[in-house]
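A.B. asks: Take this structure, written in structure tokens, and hold onto it; I'll ask about it next.
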Amino acid sequence: MTALTRNTHFCPGETWLDTDGKPIQAHGGGVLYENGTYYWFGENKDNDTRNERIDIIGVSCYSSRDLLNWKNEGVVLPAVQDDLQHDLHPGKVAERPKVIYNRTTKTYVMWLHVDSADYLAARAGVAVSDKVTGPYTYLGSIRPNNRDSRDMTLFQDDDGRAYLIHSSDWNSVTLISDLTDDYLSTTGHYSRQFDHEIKNTGRESPALFKHEGRYFIITSGTTGWFPNAAEYAAADSIHGPWRVIGNPCVGDNAALTFHSQDTFVLPVADKPGKFIFMADRWNKDDLRDSRYVWLPLEVNGEQLTLKWSDSWSLNEL
Ligand code: DGJ
């Protein structure tokens, strides 16, 4: 079957169509790579925005071999319609899903930020599947380290250990929490990073990656759906000490992260040292039409540089 749409370039900020010709619904997303295929998981926001939020539809998955043309694999963790108490009831919040594979248990493990409509529940939910494209079975949610947990990501290290990185203490601090060997819970061991001490002045949207033994984290400030300046830090050990370096963006609109908010840093599989910065350009009045901003991320020693490009391809990396 011939794909309806053939994308040849990354066009940040433009509507990005899947292979059926429909706008990709994978906001706040992350990517898992396996055997030549990338799997992009994210929030499906394909319904009407109300008061800057939408009813949960679920977590979408798309697959691609070239990072440009994405096949819709469906909603792999759907909303739960008929149980008002359920974390995934449509009236609640489910954001920033990330998936990693546990080689020991042969299980795909998804964590996501689950919340009440007013964002006061602030929990981390976990779901599992034995197939990358799901369906995922929801296991429940926790308040990691007995604290609130909002924006989050996962990071799997070379040694198989995995971490939940999440905003906590009312978005004043970033916690790096060790996951148990099966990745289904936190161990209770964690470190506190970037402590801003005052509610809602810390960092959101953590994206953590590693290059040549050095860890990097990119975060945003805390301005809801509005863009702000990204900041990055580097460390030799995942629990720090972390050195805050600054904004990786340069050029026009650098102070607004090119009108976007980071969500993930994607290592390009066959190009060691080449990374793609993945971000969301939120449209708070019509969240389903929030666009994606993917840009080449240059890594040079401890320095990260992100420049705007209207259109680019992997050959330019
Ligand atoms: C900022 C977060 O990064 C987003 O994921 C979302 O929760 C919005 N806040 C909601 O205002």
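A.B. asks: Scan the strands (runs of 3 or more DSSP E) fully inside segment 31-104 and keep the ones with 3 or more residues being in contact with a Lys or Arg (Cβ under 8 Å, 6 or more places away or on another chain).
C.D. replies: So the answer is 37-44, 58-64.
A.B. asks: Among the residues of segment 75-105, how many are open to solvent by 50 Å² or more (accessible area, probe 1.4 Å), modelled with pLDDT of 95 or more and over 20 Å from residue 50 (Cα atoms)?
C.D. replies: Residues in segment 75-105 being open to solvent by 50 Å² or more (accessible area, probe 1.4 Å), modelled with pLDDT of 95 or more and over 20 Å from residue 50 (Cα atoms): 7 in total.
A.B. asks: Considering only segment 273-297, state which residues are open to solvent by 20 Å² or more (accessible area, probe 1.4 Å), assigned to a strand (DSSP E or B) and touching a His at 6+ places or on another chain (Cβ under 7 Å).
C.D. replies: 281
A.B. asks: List the residue pairs whose Cβ atoms are under 6 Å apart, where the first residue sits in segment 144-161 and is closer than 13 Å to residue 190 by Cα, the second is open to solvent by 20 Å² or more (accessible area, probe 1.4 Å) and aromatic (Phe, Trp, Tyr), and the two are 6 or more positions apart or on different chains.
C.D. replies: As it stands, the answer is 145/190, since those pairs meet every condition given.
A.B. asks: Separate question: Here is a list: 138, 108, 119. Which entry is aromatic (Phe, Trp, Tyr), modelled with pLDDT of 95 or more, under 20 Å from residue 26 (Cβ atoms) and surrounded by fewer than 23 Cβ atoms within 10 Å (Cβ to Cβ)?
C.D. replies: 138
A.B. asks: In addition: Which of the residues that make up segment 151-207 are touching a helix residue (DSSP H, G or I) at 6+ places or on another chain (Cβ under 6 Å) and either of a type in the set (Asp, Glu) or open to solvent by 20 Å² or more (accessible area, probe 1.4 Å) (or both)?
C.D. replies: Within segment 151-207, 186, 190 qualify.
A.B. asks: Do we have residue 223 as outside any loop (DSSP other than H, G, I, E, B) and under 25 Å from residue 93 (Cα atoms) here?
C.D. replies: No: the conditions fail for residue 223.
A.B. asks: Read through the list (1) more than 16 Å from the ligand (Cβ to nearest atom); (2) of a type outside the set (Lys, Arg); (3) open to solvent by less than 60 Å² (accessible area, probe 1.4 Å); (4) not in a strand (DSSP E or B), then give the number of the only condition that residue 270 fails.
C.D. replies: (3)
A.B. asks: Identify, please: which residue in segment 1-58 is within 22 Å of residue 96 (Cα to Cα) and of a type in the set (Ser, Thr, Tyr) and is, among those, farthest from the chain's Cα centre (by Cα)?
C.D. replies: Once the filter is applied, the top-ranked residue is 49.
A.B. asks: I'm checking my understanding of the structure. Among residues of segment 162-185 that are in contact (Cβ under 8 Å) with a residue 60 or more places away in the chain and under 16 Å from residue 239 (Cβ atoms), which one is farthest from the ligand (Cβ to nearest atom)?
C.D. replies: Once the filter is applied, the top-ranked residue is 162.
A.B. asks: Tell me which of these residue 241 doesn't satisfy, since it passes every other one: (1) over 26 Å from residue 122 (Cα atoms); (2) outside any loop (DSSP other than H, G, I, E, B).
C.D. replies: (2)
A.B. asks: When both residues are 6+ apart or on different chains and their Cβ atoms are under 8 Å apart, which pairs have a first residue that lies in segment 198-212 and is touching a residue at least 60 places away in the same chain (Cβ under 8 Å) and more than 10 Å from the ligand (Cβ to nearest atom), and a second that is assigned to a strand (DSSP E or B) and among the hydroxyl-bearing types (Ser, Thr, Tyr)?
C.D. replies: Short answer, once both residue conditions are applied: 207/153; 207/219; 207/263; 209/215.
A.B. asks: If we keep just the residues of segment 298-312 that are touching a residue at least 40 places away in the same chain (Cβ under 8 Å) and of a type in the set (Asp, Glu), which is surrounded by the fewest Cβ atoms within 10 Å (Cβ to Cβ)?
C.D. replies: 310
A.B. asks: Of all the residues that make up segment 187-220, how many are under 17 Å from residue 155 (Cβ atoms) and either of a type in the set (Val, Ile, Thr) or not in a strand (DSSP E or B) (or both)?
C.D. replies: Going through segment 187-220 one residue at a time, the tally reaches 8.
A.B. asks: Now, a different point. Out of segment 68-125, which residues are of a type in the set (Phe, Trp, Tyr) and under 21 Å from residue 186 (Cβ atoms)?
C.D. replies: Within segment 68-125, 101, 108, 111, 119 meet the criteria.
A.B. asks: Determine which member of the set 42, 58 is touching a residue at least 24 places away in the same chain (Cβ under 8 Å), within 24 Å of residue 267 (Cβ to Cβ) and surrounded by 15 or more Cβ atoms within 10 Å (Cβ to Cβ).
C.D. replies: 42
A.B. asks: Also, I was wondering about something else. Need a quick list: strands (runs of 3 or more DSSP E) entirely within segment 110-162 having at least 1 residues that are under 17 Å from the mean Cα position of the chain (by Cα).
C.D. replies: 123-129, 152-156
The values are calculated or read from the model by the stated rules, or taken from the named source; none is laboratory data. Keep in mind that what you see is a predicted model, and the values were worked out from it rather than measured. Please note: Cβ atoms are built from the backbone with ideal geometry, for glycine as well, and neighbour counts cover all protein chains shown. Protein only, heavy atoms only, side chains kept; ligands, DNA and RNA dropped before computing areas. Shrake-Rupley method; radii C 1.70, N 1.55, O 1.52, S 1.80 Å.
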